[in-house]
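Remarks on the structure that follows.
The values are calculated or read from the model by the stated rules, or taken from the named source; none is laboratory data. Every value quoted in this text rests on a predicted model; they were computed, and no experiment measured them. Cβ placement follows ideal geometry from the backbone for every residue including glycine, while neighbour counts extend to all protein chains displayed. Note: accessible area is taken over every heavy atom of the protein model, side chains too, but ligands, DNA and RNA are not part of it. Shrake-Rupley method; radii C 1.70, N 1.55, O 1.52, S 1.80 Å.
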Amino acid sequence: MQRKPGLITGALVAVTITAPLMAVLYLADQIAGLAFVPYDFFDWIGRVLPGDIVIRAIHTIVDVITALNLGETSSTAKTIETLIALVQFFVGGVVAGTILFAVLRWLDRARRTDVLYVVGLIGGAILGLPMILISLHVNTTADAPDQVRVLWLAVAFLVWGGAITWAYLRLKHLSSPAEEAGMSGVEVVSLSRRQFLVRVGAATATLTVLGAGVAYALEWQDSREYQQRIERNRAAAMPDDLPNAGADVQPVAGTRPEYTPLEDHYRIDINVRPPEIDGGSWRLKIDGLVDNPLEMTIDDLRSTYDARDQYVTLACISNPVAGDLTSTTLWTGPSLRDVLADAGLQDGATHLRISAEDGFYETVALDVVNSDERVMLAYDWDHIPLLTEHGFPLRVYIPDHYGMKQPKWITEIEVMDHDEDGYWVTRGWDKEARMRATSVIDVVAADMSYEQDGQTFVPVGGIAHAGARGISKVEVSVDDGEWVEARLRQPLSETTWVLWRYDWPFQAGEHTFAVRCYEGDGTPQVEERHSTMPAGATGIHTVTRTV
Ligand SMILES: Nc1nc2c(c(=O)[nH]1)N[C@H]1C(S)=C(S)[C@@H](COP(=O)(O)O)O[C@H]1N2
Ligand SMILES: [Mo]
């Protein structure tokens, strides 16, 4: 009698079959625009988990990146999310494969081989079906037709189940030394079983490395072309055009760029990979309580309405004090109220629900839209059509509010007679999400010190921002001394951050620098330390330096 292969063997088989499945899915995604389900699965989990868990998880990721100094927060966070997505799917696949192996082993009492194969295929279907449904539901990057995607994924998961069955049957017929020695109850992988596993493992490892390698190269090529597109734009639009080019207060070297290079603009959204929208077939729908529902192409929007340019500092509500989840660029597009006027608002209309390709949505009161021409639909950033990451082909701008109120990749604007909570509000973030006043020390430029009238000065510089409310004053205090006013550079616009500098009369030693700001109307920033949850971080930023 043969001794059936045990569960450790089963787990090894599951590993050797799940890894190439992932590589092949990735390759197919890169070559043929088929969906890469591990990302879809991760995105789906993020959408269905209870809001407080998701918010806490994001908060932890931001904390870890900040504490360990892992680099720019938003791109590092995406890398971490990508890794979690891959590990999660791999572990899930290995567990599922091991369970399938155990089931085969348990059912395998003189049953026919073809029955076991049917069981294996059912196992593949049980794993694959939910993945197919999830992918159809959340994927926004695949460009292959739905039927092709379904067929492809079905085949891939059935092959996965079939391959595990095949490995089980092969292993079963290979004897183990334990039974030769008459032992039982101890799992020993025999030489021949081991040889089989090594051979299968080597083959699938090759497939995995080759598949993933080629796919990665293709993805890298794409991102390089993307980068080149940004660089061409950089050469075309130089910062001399900036409206405050003649400002007399110059930024201290080491202060963050006043106008963020486009590729450095932070990116936050609920997708491992940003939705890829075909600009040609995309339409903006405006419906609900309107006299004439509209369906517009991006060219309609460009040609029908006057565009306005607005320099904007956007910030994420998850941005900690002095964090890097905030950036500044030029937004271009029509006022939302001009576009809405063409749809004809009906009596009783009070709110808009703005929905996006990725299932994200937010609401905004019509009073806000109609009273502020700066509420706009933006199709360009930094003089070029929105990059995929940042909402191509269309996003909305709502001054004075955190990014969570401003959907990217928008597809529909529904006019309603009531308010609704948006995506992040239902998950626990603040409903208003009004930007907090905040001020940050970017640099204590000891290497830029200079002498004047026998006194050495060290320039200290940074930013202050209060949404669309402006900054009237920034003050710096050294070693808990008196608050001294800093000089403010004329900002790019009333909706961007303000660069400030304070030329500090130098004293050698270790010093602690603190900064605080006042809004346009004189309201001081909140000095009390508070975490980002639920309404945005507050607190004084301090840095300690030995100069
Ligand atoms: N469709 C969609 N729009 C979205 C989001 C999203 O997840 N999906 N995230 C919002 C959040 S939380 C922020 S902070 C801003 C960030 O915009 P950016 O990535 O272009 O900087 O996008 C907002 N718009
Ligand atoms: Mo955000």
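Quick notes on this structure:
- Partners for LYS4 among lysines (Cα-Cα distance below 24 Å; same-chain residues under 8 apart left out): LYS172
- Amide H to amide H distances under 5 Å link VAL396 with ALA378, where only residues 5 or more positions off or on other chains count and H is placed in the peptide plane.
- Along the chain, longest interval not containing exposed trypsin sites (Lys or Arg not before Pro), exposed being DSSP loop plus at most 16 other Cβ atoms within 10 Å: 113-282
- Full extension of the segment from THR79 to ILE31, taken as 0.36 nm per residue of separation minus the current Cα-Cα distance, would add 15.1 nm.
- Taking the accessible area of the stretch 447-547, probe 1.4 Å, and keeping the other protein chains in place, the carbon and sulfur fraction comes to 45%.
- Given +1 at the Cβ of Lys and Arg, -1 at the Cβ of Asp and Glu and no other charges, the dipole of the chain around its Cα centre is 3520 debye to the nearest 20.
- The stretch 1-137: C-alpha gyration tensor shape, a/c 1.5 cut-off, then a/b vs b/c: prolate
- Secondary-structure-derived ellipticity at 222 nm for the chain, considering helices only, amounts to -13500 deg cm²/dmol, per-run term -39500 (n - 2.57) for DSSP H runs with n ≥ 4.
- Of the solvent-accessible surface of the stretch 311-374, computed with a 1.4 Å probe and all protein chains present, 42% belongs to carbon and sulfur.
- Ranking THR328, TYR502, LEU27 by Cα position along the charge dipole of the chain, where only Lys, Arg, Asp and Glu carry charges on their C-beta atoms, puts LEU27 farthest toward the positive end.
- For ASP299 and ALA247, the FRET efficiency from 1/(1 + (r/R0)^6), where r spans their Cβ atoms and R0 equals 45 Å, is about 0.75.
- Here r is the Cβ-Cβ distance between GLN88 and THR350 and R0 is 35 Å; the resulting FRET efficiency, rounded to 0.05, is 0.25.
- Karplus-derived HN-Hα couplings along the stretch 300-305 (A = 6.51, B = -1.76, C = 1.60, θ = phi - 60°), whole Hz, x at Gly and Pro: 4, 5, 5, 8, 7, 10
- Working note: Cα atoms of the chain, range along each principal axis, descending, whole Å: 96, 68, 41.
- Note that the chain presents 45 Å² accessible area per residue, ligands and nucleic acids not counted, probe 1.4 Å.
- Annotation for ALA67 and ALA365: the two label points, set 7 Å from Cα along the Cα-Cβ direction, are 4.0 nm apart.
- 10 Å Cβ shell holding at most 16 others, DSSP loop, GluC sites (Glu not before Pro): longest site-free stretch of the chain: 73-186
- Cβ-placed point charges (K, R +1; D, E -1), dipole of the stretch 411-547 about Cα centre in debye, nearest 20: 280 debye
- Length gained on full extension, ASP146 to LEU49, computed as 0.36 nm times the residue gap minus the Cα-Cα distance: 32.3 nm.
- C-alpha long axis of helix 146-172 to longest principal axis of the chain, angle in °: 40 degrees
- Inter-part distance where the stretch 369-395 and the stretch 472-547 are each reduced to a Cα centre, Å: 30 Å
- Inter-site label distance for PHE457 and LEU107 at 7 Å from Cα along Cβ, in nm: 8.1 nm
- For SER531 and ARG487, a Förster radius of 35 Å and the Cβ-Cβ distance give a FRET efficiency of 0.65, rounded to the nearest 0.05.
- Those residues of the stretch 257-295 whose amide nitrogen sits under 14 Å from the label point placed on ASP417, 7 Å along Cα→Cβ: 288-291
- Distance between the modelled labels on ALA446 and ASP372, one decimal in nanometres: 4.3 nm (7 Å Cα→Cβ projection).
- Globularity ratio of the stretch 1-80, using Cα Rg and 2.2 N^0.38 Å: 1.59
- Sorted largest first, the spans of the alpha carbon positions of the stretch 412-469 along the three principal axes are 68, 21, 19 Å.
- Directionally averaged shadow of the stretch 253-314, computed from the convex hull of its alpha-carbon atoms, nm²: 7.4 nm²
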